[in-house]
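Engineer: Following this message is one structure expressed as C-alpha cells.
The values are calculated or read from the model by the stated rules, or taken from the named source; none is laboratory data. Everything numeric in this text was worked out from a predicted model, so none of it was measured. Here Cβ is always computed from backbone atoms with ideal geometry, including for glycine, and neighbour counts include all displayed protein chains. Calculation scope for accessible area: heavy atoms of the full protein, side chains included, ligands and nucleic acids excluded. Shrake-Rupley method; radii C 1.70, N 1.55, O 1.52, S 1.80 Å.
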Amino acid sequence: MVWYQRLISRIEVAGNGMVAEFLRSTVETGLFSKAPNINALDASIPGDVSEWFASSFKPWFMKVTLNLGVLANQEILTSQAFINTVNQVVESLNVARSYYAKEADFSMITSLENAARLKAQMCEEAASAVFTAYEKALAQFGLVPQYGMAITESSSFDGSTPEVFKWKKITEAYHKKIIDVNKEGTENQEQQQKTSHIPQYLPWVFTAAFGLIAWSAAAKKQ
C-alpha cells in the first residue's frame with residue numbers, strides 16, 4: 001500500500017543526537033515496508049488512518065523521542081538511564097500496538113478492523129526502528145545491546161500513549177527490552193540474535209513456558 005508507506009515516512013523525530021539521527025535515517029530509508037496484506041477496498045481506511053496519524057501518532061512520537069536526541073557519547077549510550085529511556089519509548093509503542101490489535105479483534109466492521117491493524121503495525125514497526133537506531137549508535141563503539149523479553153500489563157499502563165485508551169479487558173503486551181550492552185563478538189551475541197527474531201504476537205509461548213516452569217517446580221517438590 002503506497003499511501004501507507006508514504007504516510008509513515010513522514011514520521012518526525014525530535015532531537016539531533018546520535019540515536020535520533022539514526023532513527024530519522026531509518027524512517028527515511030524505508031524500514032517501514034511491512035504493512036499488513038489488507039485489501040483496502042473501503043476508501044475510508046486511508047483517510048481514517050491518515051487522520052489518526054496526523055492528529056495523534058505523529059505529534060506523540062515526536063514528543064516521546066525527544067529524550068533520544070541527546071548528543072550521546074559511549075558513556076551516555078551505555079548508561080542505565082539511557083537504556084531505560086529507550087526501553088520506555090519501546091514499551092509505550094508496544095502498549096499502543098496491543099491496544100490497536102485488541103481494537104481490531106473487537107471490531108465488527110471490516111474497515112474499522114483493518115484501520116486498527118494498520119495502526120498496530122505502525123506502532124510495532126516504530127518500536128523496531130527505535131531498537132535499530134540504538135543498535136547502529138552502539139555499533140560506532142563496537143558494542144551491541146543484549147535483549148530480553150518483557151511483559152507489560154497494557155490495560156493498567158500509566159505512561160505516555162498516542163491517545164487516551166479505553167480498555168475493554170485486561171491486556172498484556174509481550175515485547176523485547178534491552179537488559180545490557182556487550183562488546184561485539186561476545187558469547188551473548190548469538191542469544192541476542194535469536195531473541196531479536198521472536199515475533200511480537202506470541203502470548204501462548206510465554207503461557208506454555210510459565211506452565212512448564214511451574215510443573216517442573218512441583219515435580220521437584222514431590
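Engineer: Residues that are at negative phi, at pLDDT 90 or above and in contact with a Cys (Cβ under 9 Å, 6 or more places away or on another chain): does segment 19-32 have at least one?
Structural biologist: No: segment 19-32 contains no residue that is at negative phi, at pLDDT 90 or above and in contact with a Cys (Cβ under 9 Å, 6 or more places away or on another chain).
Engineer: Cβ-Cβ below 9 Å, separation at least six or inter-chain, first residue in segment 148-162 and without any contact (Cβ under 8 Å) to a residue 40 or more places away in the chain, second open to solvent by 40 Å² or more (accessible area, probe 1.4 Å) and assigned to a loop (DSSP other than H, G, I, E, B): which pairs?
Structural biologist: From segment 148-162, the pairs are Glu153/Ile170; Ser155/Trp167; Ser155/Lys168; Ser155/Lys169; Ser155/Ile170; Ser156/Trp167; Ser156/Ile170.
Engineer: Scan Val86, Val95 and give me the residue that is crowded, with 18+ Cβ neighbours inside 10 Å, modelled with pLDDT of 95 or more and either more than 18 Å from Thr171 (Cβ to Cβ) or touching a Lys or Arg at 6+ places or on another chain (Cβ under 9 Å) (or both).
Structural biologist: Numbers: Val95 fails: either more than 18 Å from Thr171 (Cβ to Cβ) or touching a Lys or Arg at 6+ places or on another chain (Cβ under 9 Å) (or both).
Going through Val86, Val95 in turn, the sole match is Val86.
Engineer: Test Met149 against the criterion of being open to solvent by 50 Å² or more (accessible area, probe 1.4 Å), among the aliphatic types (A, V, I, L, M) and either modelled with pLDDT of 95 or more or in contact with a helix residue (DSSP H, G or I) (Cβ under 8 Å, 6 or more places away or on another chain) (or both), and give yes or no. Break it down into steps so the answer makes sense when it comes.
Structural biologist: Working: open to solvent by 50 Å² or more (accessible area, probe 1.4 Å): yes; among the aliphatic types (A, V, I, L, M): yes; either modelled with pLDDT of 95 or more or in contact with a helix residue (DSSP H, G or I) (Cβ under 8 Å, 6 or more places away or on another chain) (or both): yes.
For Met149, the condition - open to solvent by 50 Å² or more (accessible area, probe 1.4 Å), among the aliphatic types (A, V, I, L, M) and either modelled with pLDDT of 95 or more or in contact with a helix residue (DSSP H, G or I) (Cβ under 8 Å, 6 or more places away or on another chain) (or both) - is met.
Engineer: Now, a different point. Name the pairs whose Cβ atoms lie under 6 Å apart, with the first residue in segment 89-100 and touching a residue at least 60 places away in the same chain (Cβ under 8 Å), the second open to solvent by less than 10 Å² (accessible area, probe 1.4 Å) and among the polar types (S, T, N, Q), and 6 or more positions between them or separate chains?
Structural biologist: Val95/Ser154; Ser98/Ser154; Ser98/Thr171
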